[in-house]
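To start, the structure under review is shown below, and the notes come after it.
What follows is calculated from the coordinates using simple rules that are stated; it is not laboratory data. Keep in mind that what you see is a predicted model, and the values were worked out from it rather than measured. Positions of Cβ are backbone-derived with ideal geometry, glycine not excepted, and every protein chain shown enters the neighbour counts.
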């Protein structure tokens with residue numbers, strides 16, 4: 001048997017979204033192990049602490065073979081090398097993501113040419129989802145059920161001091177996103 005195929009999926013995951021979850025699960029179809037690298041140095045003001053963000057990802061992937069969750073700081077390629085990863089897994093939602101991700105991939109390649117960047121397109125139903133817009137909607141009491149894993153809901157409720165019946169009290173009957181899309185675009 002050959003060498004294990006290990007990929008790093010880095011991010012702040014503040015919070016983990018259903019789009020992140022979907023990408024990690026799809027990454028497991030390509031790699032033996034996906035290390036979810038939860039970034040300490042994110043240049044942002046996160047809602048959740050590093051420890052909380054790690055716990056959120058661990059909760060969602062508890063019992064999922066092949067998913068390992070680790071916090072990291074510093075250069076991503078150094079984290080990849082330290083974990084014997086040969087790939088960085090990144091998701092692309094729109095053309096606007098590509099420009100930034102392409103530049104980062106080239107810089108990472110310059111820093112460590114043995115680590116490849118692998119891009120996966122977001123599923124159509126998650127293209128508009130970002131941790132930032134999830135936090136914006138939740139902070140105003142809007143319904144984010146279905147666009148974050150269920151275990152994230154109580155954490156958002158607590159962080160924003162929302163009522164105990166949130167998000168079910170919003171009056172919004174949210175249907176599955178893009179439920180009328182062809183099955184190939186929904187997976």
For 5, 90, order by how many other beta-carbon atoms lie within 10 Å, fewest first: 5, 90
Volume in Å³ per residue [convex hull over Cα atoms, computed for the chain]: 128 Å³
Efficiency of FRET from Cβ geometry, residue 140 and residue 83, R₀ 35 Å, rounded to 0.05: 0.35
Can you order the peptides 92-99, 49-56 by their average number of other Cβ atoms within 10 Å per residue, highest first? 49-56, 92-99
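Which ordering of 165, 123, 59 is given by a fewest-first count of other beta-carbon atoms within 10 Å?
165, 59, 123
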Inter-centroid distance (Cα atoms) of the stretch 40-58 relative to the stretch 114-164, Å: 13 Å
Highest mean packing first, using Cβ neighbours within 10 angstrom, the peptides 26-32, 76-82 sort as 76-82, 26-32
Could you give the nm distance between label points at residue 164 and residue 29, where each point is 7 Å from its Cα heading toward the beta carbon? 4.2 nm
What ranking of 114, 151 emerges when the number of other C-beta atoms within 10 Å of each C-beta is taken as an exposure proxy, fewest first? 114, 151
Using Cα atoms only, what is the angle between the long axis of helix 50-61 and the major principal axis of the chain, expressed in degrees (0 to 90) to the nearest 10? 90 degrees
